[in-house]
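What follows is a single structure, written as structure tokens, with notes after it.
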Amino acid sequence: MSVTKQDVAKIAGLARINMSEDELTRMVPELNNILQWVEQLGEVDVTGVEPMSAVIANTLRLRADEVDADPKTGGGKRDAVLANAPAAEHGFFGVPKVIE
């Protein structure tokens with residue numbers, strides 16, 4: 001794939017970038033080099049290589065998802081909190097329907 005000066009001008013216009021004729025001329029070989037490099041990446045054999053999101057394996061340190069029922073630390077107060085709600089339904093705050 002090759003980029004022409006007209007292609008660069010169109011891309012610059014779509015990106016709302018004002019470029020002079022000299023800048024357009026300089027960008028043509030740069031964009032062509034980038035596209036050649038991307039084509040080279042497409043030729044690499046990646047069979048058997050698992051997709052990854054990072055080079056280093058990251059694992060999240062998670063705490064246990066447990067309900068704290070101790071009233072001293074803030075748990076076990078659902079009924080007291082819901083007593084202040086204008087509408088409580090099935091142990092949750094009731095809210096008016098927004099989407100019809």
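Every number in this text was worked out from the coordinates using simple rules, so none of it is lab data. Keep in mind the model is a prediction, meaning the values are calculated, not measured. A quick note on method: Cβ atoms are made from the backbone with ideal geometry, for glycine too, and the neighbour counts reach across all protein chains shown.
For volume of the Cα convex hull per residue in Å³, several values are listed as [x] 134; [y] 362; [z] 111; flag the one computed from this structure. Among [x] 134; [y] 362; [z] 111, the one derived from this structure is [y]. The helix-based estimate of mean residue ellipticity at 222 nm for the chain, built from -39,500 (n - 2.57) per DSSP H run of four or more residues and divided by its residue count, is -11500 deg cm²/dmol to the nearest 500.
Taking 18 Å as the straight-line reach from the Cα of Lys97, the aspartates and glutamates in range (excluding those fewer than 8 positions away in the same chain) are Glu89. When you count the other C-beta atoms within 10 angstrom of each residue and take the mean per peptide, 88-96, 2-10, 38-46 line up highest first as 2-10, 88-96, 38-46.
Model label sites at Val46 and Asp68, defined 7 Å from Cα along the beta-carbon direction, differ in position by 4.4 nm. Between the alpha-carbon centres of the range 71-95 and the range 1-63 there is a gap of 52 Å. Around the amide H of Ala88, modelled in the peptide plane, lie the amide H atoms of Gly94, all under 5 Å away and 5 or more residues distant in sequence or on another chain.
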